[in-house]
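To start, the structure under review is shown below, and the notes come after it.
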Amino acid sequence: MKLGHMLKGALALAAASVLSFGCGSEAERRAFPVEVTAATLSEERNERGWRVALDSAHVSVGPVRFFEGRVLLSSRATPRFFDWYSLIGGTAHAHPGHYVPGDALGELLETHTVDLLGGVSVLGTASAVTGEYGSLELTLATPGDAQGALQGHAVRVVGTATNPDGGQVRFDVNADLPKPVAGVRFEKSLGTEAGRVRITVDLRKWLERIDFATATDPDADGVYTFPADSQARNALLRGVEDTTAYVVTWEEGAEQ
Amino acid sequence: MKNWMLGLSCLGLVACSDGTGNVTFTTYGEDFIEKEIPAAVGDEAGFVDGWTVRFEKFVVVLSEVKVETRDEVGAQQTQARVFDVHKPGPVVVESFKDLDAKEWDEISYAIAPVATAVTGNADAADVERMKTEGLSVLVVGKATKGGVTKEFDWGFKTNTLYERCESPELGAGVTVPKDGEETVQLTIHGDHLFFDDLQSPEAKMRFDAMAAADKLGIAGADGVVTLEELAAVDLTELPAEQYGTGGAGNVRNLRDFVTALVRTAGHFRGEGECSPKAR
């Protein structure tokens, strides 16, 4: 079953205001703001020995979808995916991955460009239901507009990396992901209490494994990009895809 | 008169409970471990890069099998046992007699090193190796593609507790039938060791990167892929769309990766899942 269908189903039911799951438990329709910020990048060297200072960091965020499934745990009685192998017999089961999103509990469909060095940015308000939240799916959408801070990419980071010998690499790099970042941990029993979801981007995770020495071909101003097959681009993509680069918390109280 | 009163007494006891039943736990490596993991053909499961893998051993130490509810422990395995699930199965791990006939909704078990483990069906030499090297899982086999064969002999010291086991068809735990016996299979999924993503439902089975790791040492490529050679392959050297780590931390190289995958090998009643907890 497609995620979109699951979500429509859950939210359509929620439109009736109250959902009954048997055993007396009920889910109520609710909404909450979703905001994005970034953790301050420390001066500690990354694992390849580079100290990184950022001039700017931008990301295109949204939609954000919330699910009941917890990471590394199938919390459903019935898998959501089709087990084709059961049709052809045999006892060798193949089911890649151990994250099953399960029921959709909420979604924010807007997409915004976020300045990660600019403090907290409010993405919008998610339409949701109360329930046991386990994870979320974060789309880092590639914008159609080639202008602006992102220059047509989902992620753009500009800064300077310094190695232990004092050598510096000024860089201006970007990343685009082929699919959303799925299975970001968000475990919360959510009722109707006031509050908001905050997604904190750990920029260190994005940059932790990059060997900036593999950046080549500076432009006329001496600013480097990451070639397509370089370790640096590979490491940046792996960092941006790392679900632990996104720390999701529930902030009590009204929107700031 | 005395017998009649005893009969009434027994009737009273029966009326207060639903009787008892038995549960037998088995383990099974399925066709992928017992026979072969094939190269993928079309949409069928298998290695997408053309390799096939045949295991010669797939040894696991099974312990701490527990049947319980939130309030009560019904039964617990006290003796860890070593099984080679490459051998024909399913084979019995443990039998629990006279459990209350009811729904026990929590089942857990461990795959962990145990110094006092005894053989289940594993060879004595393998049991000894598991104990002396402190292993929980040992996989020995060959990968083949075209005319190339790569052997592997990998021992893992992972300690994983599989909790809250749940079957897609039968639900969580086990229901013990009155005056009957239920069988619960602790299924081992050998194909998981070769997935190219720790989290994605779209993960594929691959061996190319592991085969290419066979290059360390004086002899260079010697046809044997060691864990040390896997450790020398940083994931950032591999295609960016492969070997994604999802939410797993500190997975930096192929040895880290396959070690993380080993923790996902333990399953429940075929396709059922448990929540794996690293200890």
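The values are calculated or read from the model by the stated rules, or taken from the named source; none is laboratory data. Fair warning: this is a prediction, and the values are worked out from it, not measured in the lab. Positions of Cβ are backbone-derived with ideal geometry, glycine not excepted, and every protein chain shown enters the neighbour counts.
Observations
- Only one of the listed residues (A:Thr214, A:Thr192, A:Thr225, A:Thr200) is within 10 Å of chain B (Cβ to nearest Cβ) and either touching an Asp or Glu at 6+ places or on another chain (Cβ under 8 Å) or modelled with pLDDT of 90 or more (or both). That residue is A:Thr214.
- Among residues of segment A:22-48 that are farther than 27 Å from A:Leu117 by Cα, those with a beta-carbon under 6 Å from a residue that is surrounded by 19 or more Cβ atoms within 10 Å (Cβ to Cβ) and at pLDDT below 90 at least six positions away or on a different chain give the pairs A:Arg29/A:Ala14.
- Selected residue (criterion: farthest from B:Cys165 (Cα to Cα)) from residues of segment B:268-279 that are more than 7 Å from every other protein chain (Cβ to nearest Cβ) and out of contact with any Phe, Trp or Tyr (no Cβ under 8 Å at 6 or more places or on another chain): B:Arg279
- For B:Val258: the one exception among (1) surrounded by fewer than 20 Cβ atoms within 10 Å (Cβ to Cβ); (2) more than 10 Å from chain A (Cβ to nearest Cβ): (1)
Every residue, every condition in (1) over 30 Å from B:Ile33 (Cα atoms); (2) more than 14 Å from every other protein chain (Cβ to nearest Cβ); (3) at pLDDT 95 or above, yes or no:
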residue: A:Leu19; (1), (2), (3): yes, yes, no
residue: A:Glu26; (1), (2), (3): yes, yes, no
residue: A:Ala38; (1), (2), (3): yes, yes, yes
residue: A:Arg51; (1), (2), (3): yes, yes, yes
residue: A:Val59; (1), (2), (3): yes, yes, yes
residue: A:Arg70; (1), (2), (3): no, no, no
residue: A:Phe81; (1), (2), (3): no, no, no
residue: A:Tyr85; (1), (2), (3): no, no, no
residue: A:His98; (1), (2), (3): no, no, no
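- There is at least one residue in segment B:150-162 that is touching a Gly at 6+ places or on another chain (Cβ under 8 Å), under 30 Å from B:Gly19 (Cβ atoms), at pLDDT below 95 and crowded, with 21+ Cβ neighbours inside 10 Å.
- All of (1) touching a residue at least 12 places away in the same chain (Cβ under 8 Å); (2) touching an Asp or Glu at 6+ places or on another chain (Cβ under 9 Å); (3) of a type in the set (A, V, I, L, M) hold for B:Val148 with one exception: (2).
- All of (1) surrounded by 21 or more Cβ atoms within 10 Å (Cβ to Cβ); (2) within 22 Å of the chain's Cα centre (by Cα); (3) within 14 Å of chain B (Cβ to nearest Cβ) hold for A:Arg185 with one exception: (1).
- Of all residues in segment B:191-215, those being of a type in the set (D, E, K, R) and within 14 Å of chain A (Cβ to nearest Cβ) number 6.
- Segment A:134-176, subset assigned to a loop (DSSP other than H, G, I, E, B) and either among the hydroxyl-bearing types (Ser, Thr, Tyr) or on the phi > 0 side of the Ramachandran plot (or both), residue modelled with the lowest pLDDT: A:Gly148
- Those residues of segment B:204-229 which are aliphatic (A, V, I, L, M), closer than 18 Å to B:Trp51 by Cβ and without any contact (Cβ under 8 Å) to a residue 40 or more places away in the chain, in sequence order: B:Ala212, B:Ala221
- Filtered residue count, segment B:185-215, keeping only those that are aromatic (Phe, Trp, Tyr) and touching a helix residue (DSSP H, G or I) at 6+ places or on another chain (Cβ under 7 Å): 2
- Counting the residues of segment B:132-143 that are surrounded by fewer than 20 Cβ atoms within 10 Å (Cβ to Cβ) and either closer than 23 Å to B:Ile37 by Cβ or out of contact with any strand residue (DSSP E or B) (no Cβ under 8 Å at 6 or more places or on another chain) (or both) gives 4.
- Among the residues examined, B:Asp98 qualifies as surrounded by fewer than 18 Cβ atoms within 10 Å (Cβ to Cβ), at positive phi and more than 14 Å from chain A (Cβ to nearest Cβ).
Residues are listed down the side, and each one gets a yes or a no for (1) over 19 Å from B:Phe32 (Cβ atoms); (2) out of contact with any strand residue (DSSP E or B) (no Cβ under 9 Å at 6 or more places or on another chain); (3) at pLDDT 95 or above:
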position	(1), (2), (3)
B:Glu181	yes, no, yes
B:Ile188	no, no, yes
B:Leu216	yes, yes, no
B:Asp234	yes, no, no
B:Val251	yes, yes, no
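- Just one residue in the set B:Ile107, B:Ile111, B:Ile188 is within 14 Å of another protein chain (Cβ to nearest Cβ) and not polar (S, T, N, Q); that residue is B:Ile188.
- Only residues that are in contact (Cβ under 8 Å) with a residue 60 or more places away in the chain and more than 7 Å from chain B (Cβ to nearest Cβ) were counted in segment A:234-244, giving 2.
- Selection status of B:Leu170, within 14 Å of chain A (Cβ to nearest Cβ) and in contact with a Lys or Arg (Cβ under 7 Å, 6 or more places away or on another chain): yes
- Checking each residue in segment A:38-53 for being crowded, with 18+ Cβ neighbours inside 10 Å and of a type outside the set (Lys, Arg) picks out A:Ala38, A:Leu41, A:Asn46, A:Trp50, A:Val52.
- Matching residues in segment B:216-253 - criterion: being within 26 Å of B:Gly147 (Cβ to Cβ), away from every other protein chain (no Cβ under 14 Å) and touching a helix residue (DSSP H, G or I) at 6+ places or on another chain (Cβ under 7 Å): B:Leu216, B:Val225, B:Leu227, B:Leu230
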